[in-house]
Amino acid sequence: MTDLIEALQAPTADRGTGAVRTGTPVSRVDGRAKVTGQAKYAAEHPAPDLAYGVVVSSPAAKGRIVSIDTRAALAVAGVVEVLTHKNRPKIRSFDIAYKDMTAPAGSPFRPLYDDHVMYSGQPLALVVAETFEAARYAASLVTFEIAAEPHGTKLSANLDRAYKPKPLKAGFEPPPDEKGDTDAAFDAAPVKIDAEFYSGVEHHNPMELFASTVIRGEDGHLTIYDKTQSSQNSRWYVSHVFGLSKNKVTVRNTYVGGAFGSGLRPQYQLTLAVMAALHLKRSVRVVLTRQQMFTFGHRPETVQRVKLAAERDGTLRAIWHQAIAETSPIEDYVEVVVNWSGLLYACDNIKLDYKLVKLDQYTPIDMRAPGAAHGVHALEVAMDELAYALKMDPLALRLKNYAERVPIEDKPYSSKELRACYELGAKQFGWDQRPLEPRSRREGTELVGWGMATGVWDAMQMFARASAVLHADGKLVVSSAATDIGTGTYTVMAMIAAEAMGLPLEDVTFQLGDSTLPVAPIEGGSSHVTTVGSAVAGVCEKLQKTLFKHAQKLRGSPFADVKLKDVEFVGGTLRLKHRQEAALPLSAIMNDSGLVKLEEKYLMLPNMLKQRKFRRLVHSAVFVEVRVDEQTGMVRVTRVTSAIAAGRIMNTKTATSQITGGIVWGISQALHEESYADHRLGRFMNHNYAEYHVPVNADIHAMDVIFVEEDDRIVSRLGAKGVGEIGLVGVAAAISNAIWHATGKRLRSTPMTPDKVLGGGP
Ligand code: MOS
């Protein structure tokens with residue numbers, strides 16, 4: 001313990017006084033605050049008048065509330081109120097008020113709105129008490145009489161109801177039109193694969209439970225600490241639902257303990273906490289239980305079918321990919337599942353199809369690499385099957401069909417170093433030592449197999465604002481309403497600013513997580529570095545120019561007759577490039593110019609005219625070794641090499657941590673994770689950490705991450721793309737392919753649990 005504390009207190013080497021450069025490993029600037037408990041999360045902010053709300057969830061999957069008995073709960077000492085749809089304060093009735101910035105088409109869920117029950121676990125009451133314990137106990141005493149109606153929660157039983165969704169969601173691309181004549185090409189080709197895939201529901205389960213602390217000021221102003229991927233999205237939502245003006249509500253999400261997409265939309269504990277605070281005119285906190293973390297958005301259950309056809313030399317002739325996924329009765333949750341199959345491999349005939357089925361569930365929500373996690377999985381397992389049908393090495397098949405231009409739309413890629421990923425990954429892994437035949441290696445009771453897959457994800461850029469304030473002492477504060485869900489936003493943004501201004505990292509603070517800061521997009525889609533990072537670079541460039549002008553005006557200035565391109569910001573100074581001893585500390589320029597502070601603001605808009613001409617993607621090649629125990633069906637993933645092409649890497653340490661986190665989740669998707677429903681009750685059964693399996697330390701072995709060189713100035717001025725999601729894509733497919741190589745058994749359903757490994761079919 002002492003060692004740990006000493007280590008935490010010691011200055012880390014990479015936070016020394018030297019200049020910081022992007023592209024180097026830098027420890028998290030918020031790391032110490034987090035591990036010492038100083039970082040406060042949404043449920044940790046105190047208020048003197050705080051009341052505690054506990055949610056009561058519906059036991060029924062569908063029906064009408066006939067009555068709610070709150071008498072026993074209200075009789076508990078310390079209980080202040082029990083809110084239900086009968087006595088809640090007024091909230092707006094129009095759908096539009098409930099549409100947060102990422103809402104899909106449909107009518108968003110409204111907690112405690114009326115007597116409708118639309119899914120099991122739906123919040124039906126909020127017990128508010130002086131203590132959490134009183135609220136929790138009283139919540140157990142609330143009873144309901146519900147007139148149940150028949151429900152349907154099973155995707156496989158409802159596939160005949162599949163329909164094409166309307167493409168109304170920001171960032172969602174419906175499947176493109178067919179290229180060529182896929183059916184004819186499939187029929188004519190000599191080698192074919194036709195395979196069906198299944199992926200179960202997953203729930204994100206970040207460590208931090210969903211929580212909102214609403215602190216009510218004397219003047220009625222609400223300061224809300226919310227677990228969300230966007231303080232501004234939650235602020236917007238609360239304003240609209242309750243009809244509160246923008247300056248009456250501030251939302252903060254200074255620290256977020258993981259989210260993975262679950263915080264892209266405001267969750268119901270926020271609505272309930274605000275409702276109670278307005279009703280009781282006091283501060284209120286609502287924290288969900290781990291069980292209740294299974295009562296909102298999730299990765300949707302999906303069935304897929306992939307057909308591939310090729311010439312005997314491996315040339316792909318047809319790609320056909322269909323997906324049917326679940327959504328809720330009220331909204332069309334859409335994600336990109338099949339489109340990836342039109343982006344990866346050269347092929348003249350491609351047909352893609354995506355449909356939804358409405359089930360009596362809460363609306364699904366994006367989960368890390370939404371759509372690609374299972375869509376690319378199906379394609380990449382099918383490619384492996386095709387390779388075996390062709391008696392070809394799986395990597396050779398991919399190289400044979402390597403796309404130099406985007407197959408489905410005949411556009412160039414903005415950059416694509418996937419070939420380097422294949423080469424470097426294969427070399428590092430030792431892929432050339434792999435026997436082609438399955439079941440060729442046994443060690444003890446275990447069969448050893450090697451598999452690989454390709455990964456792909458978008459390289460997006462949104463718009464953002466940033467401000468920068470340089471103080472007289474040379475300290476810089478840069479701000480944007482960005483979010484750090486544990487990905488390293490604080491660190492990377494500070495690095496970008498420090499590098500631009502030539503300041504040591506400890507002189508730069510990046511402020512985020514507050515709805516009053518300059519506009520930033522929701523943290524999602526691996527786009528924060530390209531978006532907020534570019535805004536930070538932009539505002540620093542403005543600051544450089546202004547500071548340079550001030551420096552030129554100083555008496556006897558060495559910069560009087562030079563241009564901005566002739567100077568550089570290095571080591572806390574402004575200096576001439578060709579005469580480095582002519583250097584002025586930034587603090588001296590500020591003081592001599594009589595400036596207390598210098599502020600700049602910047603709006604970063606993506607160059608869409610230029611970007612539109614290119615398909616902008618990140619890529620990966622994943623190589624995996626598994627050991628399968630034939631007696632128990634246990635699969636161990638003993639080695640993973642992931643080679644990533646994601647533009648310039650800004651911080652190799654936090655980026656590596658993103659990719660290894662993604663690999664761990666890929667192992668989880670492959671082997672562990674699924675929310676199992678009891679369809680008679682219409683509810684998830686394993687809604688806790690004991691029964692919802694995720695990998696633990698013992699499940700994780702060697703992981704190698706390689707970043708191949710790529711620099712993409714079309715995606716962002718930084719040359720960066722994004723690394724939040726690509727680490728996950730393809731991992732489960734590589735594991736499935738390695739299990740085939742080890743055992744000769746093809747598994748097309750995730751998670752690949754021991755019963756499936758031992759069982760006969762997929
Ligand atoms: Mo991510 S699933 O875009 O938060």
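Quick one: which residue in GLY744, GLY759 is modelled with pLDDT under 95 and out of contact with any Phe, Trp or Tyr (no Cβ under 8 Å at 6 or more places or on another chain)?
Result of the check over GLY744, GLY759: GLY759.
Could you tell me which residue of region 632-668 is farthest from the chain's Cα centre (by Cα), considering only residues that are part of a loop (DSSP other than H, G, I, E, B) and within 25 Å of GLY200 (Cβ to Cβ)?
Here the residue is THR632.
Which ones in region 321-345 are in a strand (DSSP E or B) and out of contact with any Pro (no Cβ under 8 Å at 6 or more places or on another chain)?
HIS321, GLN322, ALA323, ILE324
Would you check which residues across region 574-605 are without any contact (Cβ under 8 Å) to a residue 24 or more places away in the chain and exposed (fewer than 15 other Cβ atoms within 10 Å of the Cβ) and list them?
LYS577, HIS578, ARG579, GLN580, GLU581, GLY594
Touching a His at 6+ places or on another chain (Cβ under 9 Å) and buried (at least 24 other Cβ atoms within 10 Å of the Cβ), is that true of VAL729?
So VAL729 passes the test.
Across region 669-686, what is the number of residues that are surrounded by fewer than 22 Cβ atoms within 10 Å (Cβ to Cβ) and outside any loop (DSSP other than H, G, I, E, B)?
Here the count works out to 1.
Within the set of pairs 6 or more residues apart or between chains, which connect a residue that is open to solvent by 30 Å² or more (accessible area, probe 1.4 Å) inside region 282-308 to a residue that is among the acidic types (Asp, Glu) and in a loop (DSSP other than H, G, I, E, B) with Cβ atoms less than 7 Å apart?
Pairs found: ARG282/ASP49.
Of all residues in region 229-244 being part of a helix (DSSP H, G or I) and over 20 Å from the mean Cα position of the chain (by Cα), which is surrounded by the fewest Cβ atoms within 10 Å (Cβ to Cβ)?
HIS240
Considering only region 521-538, how many residues are among the small types (Gly, Ala, Ser) and open to solvent by 10 Å² or more (accessible area, probe 1.4 Å)?
Total meeting the criteria: 4.
Looking at THR17, is it among the polar types (S, T, N, Q) and at pLDDT below 95?
yes
Of everything in region 687-703, what is closer than 30 Å to SER415 by Cβ and surrounded by fewer than 17 Cβ atoms within 10 Å (Cβ to Cβ)? Give them in sequence order.
Within region 687-703, just ALA702 meets the criteria.
Would you be able to say whether some residue in region 222-244 is within 16 Å of the ligand (Cβ to nearest atom), out of contact with any helix residue (DSSP H, G or I) (no Cβ under 6 Å at 6 or more places or on another chain), modelled with pLDDT of 95 or more and of a type outside the set (S, T, N, Q)?
No, because not a single residue in region 222-244 is within 16 Å of the ligand (Cβ to nearest atom), out of contact with any helix residue (DSSP H, G or I) (no Cβ under 6 Å at 6 or more places or on another chain), modelled with pLDDT of 95 or more and of a type outside the set (S, T, N, Q).
May I ask you to list the residues in region 204-221 that are of a type in the set (A, V, I, L, M, F, W, C) and either surrounded by 23 or more Cβ atoms within 10 Å (Cβ to Cβ) or outside any strand (DSSP E or B) (or both)?
MET207, LEU209, PHE210, VAL214
Being assigned to a strand (DSSP E or B) and open to solvent by 50 Å² or more (accessible area, probe 1.4 Å) is the filter here; which residues of region 112-143 pass it?
Within region 112-143, HIS116, THR143 qualify.
Residue-wise test of (1) within 26 Å of VAL567 (Cβ to Cβ); (2) surrounded by fewer than 23 Cβ atoms within 10 Å (Cβ to Cβ); (3) in contact with a helix residue (DSSP H, G or I) (Cβ under 7 Å, 6 or more places away or on another chain).
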{"site": "TRP457", "(1), (2), (3)": "no, no, yes"}
{"site": "GLN461", "(1), (2), (3)": "no, no, yes"}
{"site": "LEU470", "(1), (2), (3)": "yes, no, yes"}
{"site": "LYS475", "(1), (2), (3)": "yes, yes, yes"}
{"site": "SER479", "(1), (2), (3)": "yes, no, no"}
{"site": "ILE496", "(1), (2), (3)": "yes, no, yes"}
{"site": "VAL519", "(1), (2), (3)": "no, yes, yes"}
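Does ALA77 satisfy being farther than 27 Å from ARG683 by Cβ and either without any contact (Cβ under 8 Å) to a residue 40 or more places away in the chain or of a type in the set (Gly, Ala, Ser) (or both)?
For ALA77, the condition - farther than 27 Å from ARG683 by Cβ and either without any contact (Cβ under 8 Å) to a residue 40 or more places away in the chain or of a type in the set (Gly, Ala, Ser) (or both) - is met.
Working only within region 311-331, note down all residues that are open to solvent by 20 Å² or more (accessible area, probe 1.4 Å), in contact with a strand residue (DSSP E or B) (Cβ under 7 Å, 6 or more places away or on another chain) and not hydrophobic (A, V, I, L, M, F, W, C).
Hits for region 311-331 are GLU311, ARG312, ARG317, GLN322, PRO329.
Are there any pairs, at least 6 apart or on different chains, whose C-beta atoms fall under 8 Å, with the first in region 343-369 and open to solvent by 20 Å² or more (accessible area, probe 1.4 Å) and within 16 Å of the ligand (Cβ to nearest atom) and the second of a type in the set (A, V, I, L, M, F, W, C) and not in a loop (DSSP other than H, G, I, E, B), and if so, which?
Here the result reads ARG368/TRP665, each pair linking region 343-369 to a residue that is of a type in the set (A, V, I, L, M, F, W, C) and not in a loop (DSSP other than H, G, I, E, B).
Does region 687-698 include one or more residues that are on the phi > 0 side of the Ramachandran plot and either in contact (Cβ under 8 Å) with a residue 12 or more places away in the chain or in a loop (DSSP other than H, G, I, E, B) (or both)?
No - not one qualifying residue is present in region 687-698.
Just a yes or no: is a residue in region 381-397 outside any helix (DSSP H, G or I), aromatic (Phe, Trp, Tyr) and either open to solvent by 10 Å² or more (accessible area, probe 1.4 Å) or within 16 Å of the ligand (Cβ to nearest atom) (or both)?
no
Give region 482-494 a look and list any residue that's away from the ligand (no atom under 16 Å from the Cβ) and either in contact (Cβ under 8 Å) with a residue 60 or more places away in the chain or surrounded by fewer than 24 Cβ atoms within 10 Å (Cβ to Cβ) (or both), or say none.
TYR490, THR491, VAL492, ALA494
Do we have any residue at all in region 346-354 that's part of a loop (DSSP other than H, G, I, E, B), under 24 Å from GLN229 (Cα atoms) and touching a Ser or Thr at 6+ places or on another chain (Cβ under 6 Å)?
no
Looking at MET501, is it touching a Cys at 6+ places or on another chain (Cβ under 7 Å), more than 16 Å from the ligand (Cβ to nearest atom) and either in contact (Cβ under 8 Å) with a residue 40 or more places away in the chain or open to solvent by 20 Å² or more (accessible area, probe 1.4 Å) (or both)?
Here the answer is yes, as MET501 does meet what is asked.
Being modelled with pLDDT of 95 or more and either of a type outside the set (A, V, I, L, M, F, W, C) or under 25 Å from GLY525 (Cβ atoms) (or both) is the requirement here; does TYR676 meet it?
yes
Restricting attention to region 265-285, report how many residues are farther than 16 Å from SER515 by Cβ and within 16 Å of the ligand (Cβ to nearest atom).
Count: 1.
Exactly one condition in (1) assigned to a loop (DSSP other than H, G, I, E, B); (2) touching a Leu at 6+ places or on another chain (Cβ under 8 Å); (3) of a type outside the set (Lys, Arg) is not met by LEU264; state its number.
Checking LEU264 against (1) assigned to a loop (DSSP other than H, G, I, E, B); (2) touching a Leu at 6+ places or on another chain (Cβ under 8 Å); (3) of a type outside the set (Lys, Arg), the one that fails is (2).
Evaluate region 530-546: report whether one residue or more is of a type in the set (Asp, Glu), within 16 Å of the ligand (Cβ to nearest atom) and either assigned to a loop (DSSP other than H, G, I, E, B) or touching a residue at least 40 places away in the same chain (Cβ under 8 Å) (or both).
Taking every residue of region 530-546 in turn, none turns out to be of a type in the set (Asp, Glu), within 16 Å of the ligand (Cβ to nearest atom) and either assigned to a loop (DSSP other than H, G, I, E, B) or touching a residue at least 40 places away in the same chain (Cβ under 8 Å) (or both).
The values are calculated or read from the model by the stated rules, or taken from the named source; none is laboratory data. Predicted, not measured: the structure shown is a model, and the values here were computed from it. With ideal geometry, Cβ positions are generated from the backbone for all residues, glycine too; neighbour counts draw on all protein chains shown. For the accessible areas, the whole protein counts, side chains as well, though only heavy atoms, and no ligand, DNA or RNA atoms are used. Shrake-Rupley method; radii C 1.70, N 1.55, O 1.52, S 1.80 Å.
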